[in-house]
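Enquirer: Questions regarding the structure given below will be posed in turn.
Nothing in this text is a laboratory measurement; each read-out follows from the coordinates by a stated rule. These numbers were taken from a predicted model, which means no experiment stands behind them. Using ideal geometry, Cβ is built from the backbone for each residue, glycine included, and neighbour counts are taken over all protein chains shown.
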Amino acid sequence: MVNKIGEVAGKIWHYLNEKGETSLNRLKLAIKEKDRLFHMGIGWLAREDKINFTRGEKMGELKVSLKK
C-alpha cells in the first residue's frame, strides 16, 4: 500500500511540475486514481512540504502547486 501511495504522489508531483498550479478537483480528474489513494498522495506531498495550498477564485475552490 505504501508503494502505491508513493506512486500516486509521484504522479501528482509530475502533473504539477508540468502544468503548474491547478485546482484540487481538476488534479483529481487528471490523475485518475481512487479518492482514497489520491488524498493519501496529496497528504504524502504535504507531509514532505512539497506543495502549497491556496484558495481559488470560486467559492470553496482549493488550488495546489509545487513549492519552489
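Enquirer: Considering region 1-26 alone, what residues qualify as being polar (S, T, N, Q) and either touching a residue at least 60 places away in the same chain (Cβ under 8 Å) or surrounded by fewer than 14 Cβ atoms within 10 Å (Cβ to Cβ) (or both)?
Expert: Of everything in region 1-26, those that are polar (S, T, N, Q) and either touching a residue at least 60 places away in the same chain (Cβ under 8 Å) or surrounded by fewer than 14 Cβ atoms within 10 Å (Cβ to Cβ) (or both) turn out to be N3, N17.
Enquirer: Would you mind stating whether L29 is surrounded by fewer than 14 Cβ atoms within 10 Å (Cβ to Cβ), under 18 Å from L62 (Cβ atoms) and not aromatic (F, W, Y)?
Expert: Yes, satisfied.
Enquirer: Report, by residue number, each residue of region 24-45 that is farther than 13 Å from V8 by Cβ and within 9 Å of the chain's Cα centre (by Cα).
Expert: L24 - this is the single residue of region 24-45 that is farther than 13 Å from V8 by Cβ and within 9 Å of the chain's Cα centre (by Cα).
Enquirer: Next up: If you go through region 25-58, how many residues are over 22 Å from M1 (Cβ atoms), touching a Leu at 6+ places or on another chain (Cβ under 7 Å) and among the aliphatic types (A, V, I, L, M)?
Expert: 0
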